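Below you'll find the structure, written out as structure tokens, and then a few comments.
The values are calculated or read from the model by the stated rules, or taken from the named source; none is laboratory data. As the structure is a prediction and not an experimental result, all values here were calculated from the model. Heads up, the Cβs are rebuilt from the backbone with ideal geometry, glycines too, and the neighbour counts pull from every protein chain shown. Accessible surface areas use protein heavy atoms only, side chains included; no ligands, DNA or RNA. Shrake-Rupley method; radii C 1.70, N 1.55, O 1.52, S 1.80 Å.
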Amino acid sequence: MPQPTDDNLPPLRESATFDRGVIHEIQRAAETGIYDIRGWGAKRRVPHFDDLLFLGASMSRYPLEGYREKCGTDIVLGGRYAKKPIELAIPITIAGMSFGALSAQAKEALGRGATIAGTSTTSGDGGMTAEERGQSKTLIYQYLPSRYGMNPVDLRKADAIEVVLGQGAKPGGGGMLLGQKITDRVAKMRTLPVGVDQRSACRHPDWTGPDDLAIKIEELREITDWEKPIYVKIGATRTYYDVKLAVKAGADVVVLDGMQGGTAATQDVFIEHVGVPILAAIPQAVQALQEMNMHRQVQLIVSGGIRSGADVAKCLALGADAVAIGTAALIALGCNHPMWDAEYRKLGSAAGFYDDYHLGRDPAGISTQDPELAARLDPVAGGRRLANYLNVLTMETQILARACGKSHVLNLEPEDLVALTVESAAMARVPLAGTTWVPGRP
Amino acid sequence: MCGIVALFLKNQALEPELGALFEPMLVSMTTRGPDSAGFAIYGDEVAAARIKVTLRHPDARYDWKALANALRGVDAQLEWFQNAIVAVFKLSTDEEKVRAWLTSNAPDVRVLSVGRSIEILKDVGLPADISRRFGLARMQGSHIIGHTRMATESAVTLQGSHPFSTGLDLCLVHNGSLSNHNRLRALLQRQGLDFETDNDSEVAAGYLTWRLMNGDSLQKALEAALTDLDGFFTFAIGTRDGFAVLRDPIACKPAVLAETADYVAMGSEYRALVSLPGIESAKVWEPEPAQVYVWERQH
Amino acid sequence: MKTFDLSSQSVRELNQALHDQARALTEADWIVRNPGGAHSVACGLDQDLRVTIEGHCGYYCAGMNQRAHVVVNGNAGVGLAENMMSGFVRVRGDASQSAGATAHGGLLVIEGNASARCGISMKGVDIVVKGDVGHMSAFMGQAGRLVVCGDAGDALGDSLYEARLYVKGTVRSLGADCIEKAMREEHVAELRELLERAGIDADASAFRRYGSARRLYNFKVDNASAY
């Protein structure tokens, strides 16, 4: 707590309700008349995977030897209807992020890294770039309300199609890209005038509701001759019902993004106050799938704040088939790296705090369209960094799985977990450590 | 999220075929609603001093005969018959008395519909199975409203199935998703209405009952619904003399109408209407958003 | 000439046969009978084909069409020619909601009426409607031209970008940032050419032009009520 130099004055007392951050925001709103827009996901603390722990090997459960005794990580996604399901070497995928939000170099780096690691990347709310398709061995093509750049040629080039209803950062919100990032190339791809602040639809233009989504999914299958898996992506809100409806509508894979999931730009109030933590959503999704006898038939990919192999392993233990990383992937490429600290400070931020993706002045060259800044990211080097990180995530997941006696990471189960807090126990539906108590369950 | 179908016969000569004409309409909407299905059929009207009541019990082997015998205390001349899991009673009494008697003497029995003409039949399962179970293809009547359900936010149960009964000879089916139904339910409960489920469609039905109870015409009640109900909806409402259709102002949920000299038909998709006779030359159109459409036979 | 009867053959068979033509054009002319309101008929075409559909279609007829010439002798359901890239689609009857949604190119002609959201999010397609269009037509229209010989419903061109709208009849109301603009010689000429290509006889000089006021292109606090 800051102390004035005069010993006679009492210490300063900050309000928990109107702290300096809130005061700053209110005054910014008063000056500009516009809501605060930023990138990243929910920054405030919410119950998350750190509150869960694994019960490792013991007298009753025996571990596997590292390296020699295999712990499999391969997965198959989308076998429900598609002729060509997706086969990945690891259960960690790269989440949808648009060219426009990210530079072309960043998209290329993601493609390179994912391919080295044997996994997929996902296009975003701006269409498919040649760089990403060229570099990414397995590319999921997003189908969003805006339909920017959507076309059947790219649809057929994709390995899977992801129908996006929403994302964790802003369930119910559309895309947002401010004028400074709508360069000639972005504008052309999105059929927008250069330099406008892009307004985006929040609902799909030609269907609303799962009954009509079922017809839309069939159309997409028809156009691609039933070859490709159809994913359905939702932000975590009423997850139990949403997952059931996605399955009823015909999804091969459900992608579930919690409130910690990132975005390149949206209103701060949306990020912080809409959607639930991924921890609370996964058990709902798994329950929904199990009740329909669809668990592992329709695969579940979860995202929103995945950082380490511990997070990956916990998601799998809770019943997910795979995870997706977005923010973490960008950090691996160099986002918020201390080497740019001086530049972050010039922008009014600092390394480790920077979230103004929407402004397009990212010193790391990732969430920008400025050619000079974007050139700072070497796609080949970036790809290697991402591949390294994915490798670490995979190995960490295997270490934990082996410690629980699993020869495949998908054999992790909720019973391998306990919780440190009442909230996380209730949300994850695992017992409080040292007890048999799962709050809220009979 | 669901499928809605409705058929209103202008040509009375077709009344013996109402069920046969309607069954393929209902079944065609299976993909929109695989969870449960139901319909309200109007016909076999009882005289003015009598009512017809459709009842259901959770136990499929419930002893309706015993219930009928006990009910003779209310009306010794009552008639009744069983149709699969439902029993239909025709009584010389009023709705209040029947409900009161049931509450005291058979509290597990559920009332699906009350009126002079209406019979509501619904169940959990595929539309084709439900049609077969109730013998829809052999049914006769003047008009019929049906629904196939894909449950959104509430459970897949019989109580959650449509049509919902909103009053004498009245029913409602809904395709869409309301967003203010929870507070509206609480308000209606304070007005004395009862709800069995947490289903948004049941709230819409209750809202209509309440407006009609307070003296609104069907037209006025539906117009008021446009203001008081928030969310996305296509409604089909059944009345003793016909049916009504209403879409919300945004009108994202589909609706198709077809009319010939013999009938007016409605469906969520044109596909639901293709089996109808003369459909190739029918007038086919879509109802405008926020506009009440009513078809009723004149007496 | 190849005929498909959807009362005995499946939409999947039809679409596969049409898609196979993209690899090798062996049959240019197709007739589809008894569509019976089926969905996704003739979607995803990518070849110089002529497809005539005898009857009413369901949703997404000719979805994502490329190069092909598709005629529906009946009505079409939701999303007719959605996301079309090129080619030609004509419907003789009415089109349901979201006709031509997000389409990038080609020409869509609707001889009857179009329902709500005609041309929603259009990205370069030309749409010519002989009858009326419903509410929210050309919502967020980014590029292309929408011609309405009849009347337009509420909120025409709401949140419009650069699509150009021509309406001959009445416009119930204009959407946010959509305004009437002057019809200059070049617009009359453009409209005349569109009507000609659509095969619709109407006097181009009797139309009014609507376009974006462009006040929502960059956020200004004083426009907040428009959102």
Answer residue from the stretch A:79-101, given it is aliphatic (A, V, I, L, M) and at pLDDT 95 or above and is surrounded by the fewest Cβ atoms within 10 Å (Cβ to Cβ) among those = A:Ala89
Count - residues of the stretch A:278-308 that are assigned to a loop (DSSP other than H, G, I, E, B) and surrounded by 24 or more Cβ atoms within 10 Å (Cβ to Cβ) | 3
Considering the stretch A:143-163, residues that are away from every other protein chain (no Cβ under 14 Å) and out of contact with any Pro (no Cβ under 6 Å at 6 or more places or on another chain), and then whichever is most open to solvent (accessible area, probe 1.4 Å), we arrive at A:Asp159
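Of all residues in the stretch C:113-138, how many are assigned to a loop (DSSP other than H, G, I, E, B), small (Gly, Ala, Ser) and either more than 12 Å from C:Gln97 (Cα to Cα) or at pLDDT below 95 (or both)?
Summing the residues that are assigned to a loop (DSSP other than H, G, I, E, B), small (Gly, Ala, Ser) and either more than 12 Å from C:Gln97 (Cα to Cα) or at pLDDT below 95 (or both) in the stretch C:113-138 gives 2.
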Out of C:Leu49, C:Leu45, which single residue is surrounded by 24 or more Cβ atoms within 10 Å (Cβ to Cβ) and more than 28 Å from B:Ser281 (Cα to Cα)?
-> C:Leu45
If we keep just the residues of the stretch B:260-298 that are acidic (Asp, Glu) and away from every other protein chain (no Cβ under 14 Å), which is farthest from the chain's Cα centre (by Cα)?
-> B:Asp262
Of (1) surrounded by 24 or more Cβ atoms within 10 Å (Cβ to Cβ); (2) within 21 Å of A:Pro145 (Cα to Cα), C:Val91 fails just (2)
Only one of (1) under 29 Å from A:Val438 (Cα atoms); (2) free of Cβ contacts under 8 Å to residues at least 24 places away in the same chain does not apply to A:Thr397, and that is (2)
Checking C:Gly211, C:Gly141 in turn, the sole residue that is part of a strand (DSSP E or B), touching a residue at least 24 places away in the same chain (Cβ under 8 Å) and within 14 Å of chain A (Cβ to nearest Cβ) turns out to be C:Gly211
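Okay, residues lined up against (1) open to solvent by 10 Å² or more (accessible area, probe 1.4 Å); (2) closer than 30 Å to A:Ala246 by Cα; (3) among the hydroxyl-bearing types (Ser, Thr, Tyr); (4) in contact with a helix residue (DSSP H, G or I) (Cβ under 9 Å, 6 or more places away or on another chain):
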residue: B:Glu23; (1), (2), (3), (4): yes, yes, no, yes
residue: B:Met29; (1), (2), (3), (4): no, yes, no, yes
residue: B:Gly33; (1), (2), (3), (4): no, yes, no, yes
residue: B:Lys52; (1), (2), (3), (4): no, no, no, no
residue: B:His57; (1), (2), (3), (4): yes, no, no, yes
Yes/no for C:Ala42 being modelled with pLDDT of 95 or more, within 12 Å of another protein chain (Cβ to nearest Cβ) and over 19 Å from A:Leu155 (Cβ atoms) = no
Select from the stretch A:217-231 the residues that are open to solvent by 30 Å² or more (accessible area, probe 1.4 Å) and either facing chain C (nearest Cβ under 9 Å) or under 24 Å from the mean Cα position of the chain (by Cα) (or both) and list them in ascending order.
-> A:Glu218, A:Trp226
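Taking the stretch B:240-253 as the search range and keeping residues that are open to solvent by 10 Å² or more (accessible area, probe 1.4 Å) and out of contact with any Phe, Trp or Tyr (no Cβ under 8 Å at 6 or more places or on another chain), which one is farthest from the other protein chains (Cβ to nearest Cβ)? It would help to see each step written out before you state the result.
Kept after step one, since they are open to solvent by 10 Å² or more (accessible area, probe 1.4 Å), are these residues of the stretch B:240-253: B:240-241, B:249-250, B:252.
Next cut, out of contact with any Phe, Trp or Tyr (no Cβ under 8 Å at 6 or more places or on another chain) only: B:241, B:249.
Details: B:Asp241: 29, B:Pro249: 8 Å.
Of everything passing the filter in the stretch B:240-253, B:Asp241 is farthest from the other protein chains (Cβ to nearest Cβ).
Restricting attention to the stretch A:171-216, report how many residues are part of a helix (DSSP H, G or I), under 24 Å from the mean Cα position of the chain (by Cα) and more than 10 Å from chain C (Cβ to nearest Cβ).
Residues meeting the conditions: 5.
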Are any of the residues in the stretch C:185-193 surrounded by 13 or more Cβ atoms within 10 Å (Cβ to Cβ), over 19 Å from the mean Cα position of the chain (by Cα) and within 26 Å of B:Glu288 (Cα to Cα)?
-> no
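The rows are residues; the columns are (1) of a type in the set (S, T, N, Q); (2) at pLDDT below 95.
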residue: B:Val53; (1), (2): no, no
residue: B:Pro58; (1), (2): no, yes
residue: B:Arg61; (1), (2): no, yes
residue: B:Trp64; (1), (2): no, no
residue: B:Val74; (1), (2): no, yes
residue: B:Trp80; (1), (2): no, no
residue: B:Ile85; (1), (2): no, yes
residue: B:Val88; (1), (2): no, no
residue: B:Thr93; (1), (2): yes, yes
Considering every residue within the stretch B:264-277, establish whether at least one is in the same structural domain as B:Leu26 (by TED's automatic domain parsing), acidic (Asp, Glu) and open to solvent by 20 Å² or more (accessible area, probe 1.4 Å).
-> no
Of A:Val312, A:Val269, which residue is away from chain B (no Cβ under 14 Å) and either aromatic (Phe, Trp, Tyr) or open to solvent by 10 Å² or more (accessible area, probe 1.4 Å) (or both)?
-> A:Val269
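With respect to A:Gln398, determine if the residue is among the polar types (S, T, N, Q) and either assigned to a strand (DSSP E or B) or in contact with a Cys (Cβ under 8 Å, 6 or more places away or on another chain) (or both). Give the steps one after another, and end with the answer.
On the way: among the polar types (S, T, N, Q): yes; either assigned to a strand (DSSP E or B) or in contact with a Cys (Cβ under 8 Å, 6 or more places away or on another chain) (or both): yes.
Yes.
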Being touching a Pro at 6+ places or on another chain (Cβ under 7 Å) and charged (D, E, K, R), is that true of even one residue in the stretch A:195-209?
-> yes
Go through the stretch C:79-99 and give me each residue that's closer than 20 Å to B:Ala255 by Cα, in a loop (DSSP other than H, G, I, E, B) and small (Gly, Ala, Ser).
-> C:Gly79, C:Ala81, C:Gly93, C:Ser96, C:Ser98, C:Ala99
Restricted to the stretch C:19-39, and to residues that are closer than 27 Å to A:His204 by Cα and within 12 Å of chain A (Cβ to nearest Cβ), which residue is surrounded by the fewest Cβ atoms within 10 Å (Cβ to Cβ)?
-> C:His19
Please work out which one of (1) closer than 22 Å to A:Leu52 by Cα; (2) of a type in the set (Phe, Trp, Tyr); (3) in contact with a Gly (Cβ under 7 Å, 6 or more places away or on another chain) is the condition A:Tyr240 fails and give its number.
-> (3)
Please specify each residue of the stretch C:100-112 satisfying the condition of being surrounded by fewer than 24 Cβ atoms within 10 Å (Cβ to Cβ), more than 9 Å from every other protein chain (Cβ to nearest Cβ) and in a loop (DSSP other than H, G, I, E, B).
-> C:Gly105, C:Glu111, C:Gly112
Does A:Asp356 qualify as being among the acidic types (Asp, Glu) and touching a Gly at 6+ places or on another chain (Cβ under 8 Å)?
-> yes
Do we have any residue at all in the stretch C:86-95 that's more than 9 Å from every other protein chain (Cβ to nearest Cβ) and among the hydroxyl-bearing types (Ser, Thr, Tyr)?
-> yes
Looking only at the stretch C:52-78, count how many residues are crowded, with 24+ Cβ neighbours inside 10 Å, touching an Asp or Glu at 6+ places or on another chain (Cβ under 8 Å) and either away from every other protein chain (no Cβ under 11 Å) or part of a loop (DSSP other than H, G, I, E, B) (or both).
-> 9
